[in-house]
1. How would you rank 410-418, 104-112, highest first, on the average number of other Cβ atoms within 10 Å across their residues?
2. Restricting the count to DSSP beta bridges whose residues both fall in the range 370-485, what percent are antiparallel, rounded to a multiple of 5?
3. Only bridges with both residues in the chain count here: give the DSSP antiparallel percent, nearest 5.
4. Could you count how many Lys pairs in the chain have their Cα atoms under 21 Å apart, skipping same-chain pairs fewer than 8 positions apart?
5. Counting only C-alpha contacts under 8 Å and six or more residues apart, can you give the relative contact order of the range 233-326 as a whole percent?
6. Among THR151, THR36, THR344, what is the fewest-to-most ranking by other Cβ atoms within 10 Å?
7. For the range 403-442, with only Lys/Arg (+1) and Asp/Glu (-1) charged at the beta-carbon, what is the dipole magnitude about the Cα centre, in debye rounded to 20?
8. Name the shape class, rounded, prolate or oblate, that the alpha-carbon gyration tensor gives for the chain, where a ≥ b ≥ c are the square roots of its eigenvalues, rounded holds for a/c under 1.5, and otherwise prolate holds if a/b is larger than b/c and oblate otherwise.
Amino acid sequence: MSKFAAFALAAAVAALVAGCRGGGGADKAGGSRPVTLRMADGYDPDLTLEPAVAFFVRRAQELSNGKLRIKVVDNWAGNRPSFEQRIVRDVAAGRADLAWVGTRVFDTLGVDNFQALTAPMLIDNYALERAVIASNIPSQMLRGLGRLGVTGLAVLGGGLRKPIAQERPLLRPTDWHGLLFSVIRSNEQAAAIRALGAATTDIWGSARQDAVGVGRVDGFEMHYKLWSFVIAPSAIPYVAANVNLWPETAVLLANPRRLSSLSDSQQRWLQQAAAEAAARSTQLYSNEAPLIQVLCRRRARFAQASAADLAALRRAFDPVYTHLARDATVKKLIGRIEELKRQTRPEPTPAIPARCTGRSPAPASSAAAQTNASVLNGVYRITLTDPELRAAGPPAAFSRPSFGGLITLTLRNGAYRFQPRTPPACTGSFTVDGDRVRFRVNPKTYCQGVVTARWSLAAGRLHLHVIASTNPYDQVVWGSKPWQRIG
């Protein structure tokens, strides 16, 4: 950690601790008793995709020697676009003690000052993001959360989100024209995408996976780690590697009444854990080289925008900046970040191997006539052990709580039911085209994705060789073992 960052961390801890103390230095009554706080998490499971939040949870317990515990409740608001708005409201109402949400959500709730963090192509490198998080800019933004009835503990940095698309890399404004692009609910980010000539949708979660699988959504913005976990590059392969739209920044929230009910020591532990998580957060994503290799092996294709392309994108965002400047606070904060940008040297970006550029190799299509789906009618089972899923790599290990154990697959006349060990079951439809079978999940269920596989059925064993899927772990879950027919 640099001296500047260490100084900023120490100052942040001191300020936060001072802000949450009572009138004296002694703990409030009950300070020695263990306390458990419920934390709302919009994703699942185990904060795998949010390492800075996971660090905060662990660190609070470590600092308190187990006297302060945080119980993370995954999938808090369901699989729907409004999950972050609902989480903020649930923290304000006391239904959750703590939570994390993306800073992008607050402009839909009437708090605009966080827009400076995600102004398009402003924070476009990790060195600058670290400098911003280490400055007093986040603490100024957190003050505005009182009007929503919540207390902000810290702002966490995250991965730089880039445009990812199905048909071509989005390098210049003309590449965006006519696309339907998915963004998580945010007034500012939707306006930025529309300024490039694309239409926007807030379709999210399993519905977005399904829309990508059938070609109804043309692109979305994600950082590399999230992309590698939630949707297979073979389904949507093109990324503009040096077009960093904005960082994924998040806020740790607390219910103010619950926070004030804690002892002074408990508040200090919580605030110190939050400050340390913020200081650590931007280090967790900055090494993109290993993820580039992983994504390349899964048929991702990387392209670089030219200096002229980047300049054209920034000009296209001029109306967005004009609108942001109408808010004096946002304008001032953007100016502070621009000043830091002039003072901060970007780190070298990782090289893109030549084999990871150009057109993505698409799986060959079957020329056979469509086959009656009833040819696969039956009930089939496999068992996937936890060690097998862990050994298959991070995406499969991520699916372990849902898909480890016994899985039953029922195929009947073009409809299927996929029952993992953890309910609910996935349902959907399937078609058979010669030696190809295509499974499409019902997007109204919690499940996700489209899977295409070559199939063979002999001696009561259904072999599925997955050739395309929207979820990375479906390669393992559907295709790693033959399915034994039991009915």
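1. 104-112, 410-418
2. Given both bridge residues lie in the range 370-485, the antiparallel proportion sits at roughly 100 percent.
3. If we restrict to bridges inside the chain, about 80 percent are antiparallel.
4. 6
5. 63 percent
6. Ordered from fewest to most neighbouring Cβ atoms within 10 Å, THR151, THR36, THR344 come out as THR36, THR344, THR151.
7. About 100 debye.
8. Cα axes put the chain in the oblate bin.
None of the figures in this text is laboratory data; all of them are computed from the coordinates on show. Because the structure is a prediction, the values reported are computed rather than measured. In this analysis, Cβ positions are derived from the backbone assuming ideal geometry, glycine residues included, and neighbour counts consider all displayed protein chains.
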